[in-house]
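Note sheet for the following structure.
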Amino acid sequence: MELFEAVRGFFSEAADRLGLDDATRTVLSSPRREVAVQVKVPRDDGSLDVFAGWRVQYNGARGPFKGGLRFHPDASLDEFRCFSALMTWKTALVDIPYGGSKGGIRVDPKQLSEGELERMCRSFVRGIAPVIGPEQDIPAPDVNTGPREMAWMTDQYSRLVGRDSPGAFTGKPVEYNGSLGRDAATGRGAVFCLDRLAHAHGWARGEIRIAVEGYGNAGSWFAILAHALGYRIVGVSDSRGAVVNEQGLDPRAVLDHKRETGSVVGFANAETIDGEDIVGVDCEVLVPAALEESIREDNSDQVRASTVLEVANYPITPKADAVLAERGVVVVPDILGSAGGVAVSYLEWVQNIQRERWTEDRVNDRLRELMETATDEVLARAEAGRVTHREASYEIAVERVGQAEQRRGRH
Ligand code: GLU
C-alpha cells in the first residue's frame, strides 16, 4: 500500500466518526500544492549530477506550512504526501499555528562530500524559494538533515530574498539563530508524553522497561532523558543491530560507543542481537524511533510491550495497528509522540521573528506545557469516546483543521 493511502485511511475514519462535511473532507484528502524540482549538484570531480527534489504543502488553514526535509535514496512524492499530511495533523494536535508540509531529495547523502552536500542544499533552496518563507512554509530537519544543512539553506534563502531571514527555516545551529533545546526536542517531547501516560496510569518509572528502535537524534535523546528520569532502557537498535540488557543500559555510554564505532552493536555489558528483533524484546514500552513501517503485519505478533510510543513518522502500518489494537496494546501515535520537534521549531521561529533569545529552561517549560496539554486531551478523548489513542488524536486534529477550513470560507 502506498504510504499516503495508508495515512489517508486514518484521516478518513476520523472524518467519518466526526461527520465531516463532504466539501471539507475533499479539501483535506489531498495536498494543496506539490512542487517538484531538479537539484543540480556539481561534483568535486567536475561532473554534474541531477537529483529529484520535492516540497509538498498539504494544508495551511491554521497557519504557514511547516515540516522537515529528508535526504534519502528511497524518497518519493508518495512519501512526501504522506508525511506532509502527518505534519498537518501533528501541528493541529499540539495546537501550534501552522499547517503541514514535507520535502526533500532522493539521494544518498553519504555518497557526497561536504562541499557537494552544501551545493546540493543551496541548489534545492533555489528550486523551492518561490513557495517557502517565514510566513509561507518553514522547512526543518528530518532524516539525514540537521543544523548544518539548515544553516546553509537559511543563508541561501536570505541571499536570494536580499534580507536576513532567520525565520525561514528552523532547526538551525544555536550559533546562527537556532534555539536552545531544539536538538533534543523530539526525544524530550516524547519523554514528556510518556511521563504523562505513566502519571495517568500510576506507573512507577523504575518498573517500566523500554526498548528503543533507532538510535539517531530522536531515539538517543529519548533514551538518555527517559533514563535520567528513572525509566529502564533494556534495549536499543540501529540499522546494524541491537543491544539488550534486562538490567538496563546506560544510554549515554551507548551513544559514546556509537559515536566511536559507528553503531550500538558490540556495546560492552550487553548482548548483541539482530536489529529486527528489537520489536520482540520483553518490555513495557516499545519506542519505534527509526524509519516508516518498522512494525508491519508480518512482525506485529512479536510485540510484547503493552504500550507502543511512536517517535518515528508512520512506523506502524494500518494492518499492524489493527492487530495491536485487537490485542489491547496501547499505541501512542506519531502525530503526538513525535510532535516535540515541531513544537520547539515553533518556539525557535517565534524567537526569530521577534528577534529574541530564550533560555533553555523557558523553551523546555513551554515544550512540556504543549506536550502535556496535547497528551491529556488525547487520553481524555480516547476514554470518553472509547476509541484508540490514534483515533482520538486524529479526531482532535481533523476537527481543528476542519474548523479552520470552514471558518475561512469556501471562496
Ligand atoms: N521533521 C520533524 C517532524 O517530522 C520536525 C519538523 C519541523 O520541525 O518542522 O516532525
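Taking only region 42-64 into account, find how many residues are out of contact with any helix residue (DSSP H, G or I) (no Cβ under 6 Å at 6 or more places or on another chain) and under 17 Å from Val7 (Cβ atoms).
Summing the residues that are out of contact with any helix residue (DSSP H, G or I) (no Cβ under 6 Å at 6 or more places or on another chain) and under 17 Å from Val7 (Cβ atoms) in region 42-64 gives 1.
May I ask you to say which residue of Gly206, Gly187, Gly230 is open to solvent by 10 Å² or more (accessible area, probe 1.4 Å), of a type outside the set (A, V, I, L, M, F, W, C) and in a helix (DSSP H, G or I)?
Gly206
Consider Glu271 carefully, then state whether it is farther than 24 Å from Pro73 by Cα and not β-branched (Val, Ile, Thr).
Considered against the rule, which asks whether it is farther than 24 Å from Pro73 by Cα and not β-branched (Val, Ile, Thr), Glu271 comes out as yes.
For the subset of region 59-80 comprising residues that are among the aliphatic types (A, V, I, L, M) and under 22 Å from Met120 (Cβ atoms), which member is most open to solvent (accessible area, probe 1.4 Å)?
Leu77
Yes or no, residue by residue, for (1) of a type in the set (Gly, Ala, Ser); (2) within 21 Å of the chain's Cα centre (by Cα):
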| position | (1), (2) |
| --- | --- |
| Val323 | no, no |
| Val330 | no, yes |
| Pro333 | no, yes |
| Ser345 | yes, yes |
| Leu370 | no, yes |
| Asp376 | no, yes |
| Val387 | no, no |
| Tyr394 | no, yes |
| Gly409 | yes, no |
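Could you check region 275-382 for helices (runs of 4 or more DSSP H) lying wholly inside it with 2 or more residues that are open to solvent by less than 60 Å² (accessible area, probe 1.4 Å) and within 17 Å of Arg188 (Cα to Cα)?
334-337, 340-354
Identify, by number, the condition in (1) farther than 13 Å from Pro288 by Cβ; (2) in contact (Cβ under 8 Å) with a residue 24 or more places away in the chain; (3) in contact with a Phe, Trp or Tyr (Cβ under 9 Å, 6 or more places away or on another chain) that Arg196 doesn't meet.
Every listed condition holds for Arg196 apart from (3).
Exactly one condition in (1) within 24 Å of Val281 (Cβ to Cβ); (2) open to solvent by 10 Å² or more (accessible area, probe 1.4 Å); (3) not in a loop (DSSP other than H, G, I, E, B) is not met by Gln247; state its number.
(3)
Please count how many residues of region 383-410 are in a helix (DSSP H, G or I) and open to solvent by 70 Å² or more (accessible area, probe 1.4 Å).
Adding up the residues that qualify gives 6.
Looking only at region 344-362, how many residues end up being within 16 Å of the ligand (Cβ to nearest atom) and touching a residue at least 24 places away in the same chain (Cβ under 8 Å)?
Number satisfying all stated conditions: 9.
Could you identify the single residue in Ile128, Ile138, Ile105 that is touching a His at 6+ places or on another chain (Cβ under 9 Å) and either within 22 Å of Met87 (Cβ to Cβ) or among the basic types (Lys, Arg) (or both)?
Only one candidate qualifies: Ile105.
Quick one: His257 ticks every box in (1) away from the ligand (no atom under 16 Å from the Cβ); (2) open to solvent by 10 Å² or more (accessible area, probe 1.4 Å); (3) in contact with a strand residue (DSSP E or B) (Cβ under 8 Å, 6 or more places away or on another chain) bar one, so which box is it?
Unmet for His257, out of (1) away from the ligand (no atom under 16 Å from the Cβ); (2) open to solvent by 10 Å² or more (accessible area, probe 1.4 Å); (3) in contact with a strand residue (DSSP E or B) (Cβ under 8 Å, 6 or more places away or on another chain): (3).
What is the number of the single condition among (1) within 18 Å of Thr307 (Cα to Cα); (2) in contact with a Lys or Arg (Cβ under 8 Å, 6 or more places away or on another chain) that Ile278 does not meet?
Every condition holds for Ile278 apart from (2).
Within region 167-177, restricting attention to residues that are within 15 Å of the ligand (Cβ to nearest atom) and over 18 Å from the mean Cα position of the chain (by Cα), which residue is surrounded by the most Cβ atoms within 10 Å (Cβ to Cβ)?
Checked region 167-177; the qualifying residue surrounded by the most Cβ atoms within 10 Å (Cβ to Cβ) is Ala168.
Would you pick out the residues in region 8-60 that are under 30 Å from Glu391 (Cα atoms) and either more than 25 Å from the chain's Cα centre (by Cα) or modelled with pLDDT under 95 (or both)?
Passing the criteria: Asp16, Arg17, Leu18, Gly19, Leu20, Asp21, Asp22, Ala23, Thr24, Thr26.
Quick check on my filter: what residues within region 13-58 are open to solvent by 30 Å² or more (accessible area, probe 1.4 Å), of a type in the set (Lys, Arg) and in a strand (DSSP E or B)?
Once the filter is applied, which keeps residues that are open to solvent by 30 Å² or more (accessible area, probe 1.4 Å), of a type in the set (Lys, Arg) and in a strand (DSSP E or B), region 13-58 yields Arg33, Lys40.
Of the residues Asp78, Asp95, Asp164, which is more than 14 Å from the ligand (Cβ to nearest atom), at positive phi and of a type in the set (Asp, Glu)?
Asp95
Of the residues Val94, Val27, Val37, only one is closer than 19 Å to Asn313 by Cβ and in contact (Cβ under 8 Å) with a residue 60 or more places away in the chain; which?
Of the residues listed, the single one that is closer than 19 Å to Asn313 by Cβ and in contact (Cβ under 8 Å) with a residue 60 or more places away in the chain is Val94.
The values are calculated or read from the model by the stated rules, or taken from the named source; none is laboratory data. The shown structure was predicted, so the numbers you read here are calculated from the model rather than taken from an experiment. Please note: Cβ atoms are built from the backbone with ideal geometry, for glycine as well, and neighbour counts cover all protein chains shown. These area figures cover heavy atoms from the full protein model, side chains too; ligands, DNA and RNA do not enter into them. Shrake-Rupley method; radii C 1.70, N 1.55, O 1.52, S 1.80 Å.
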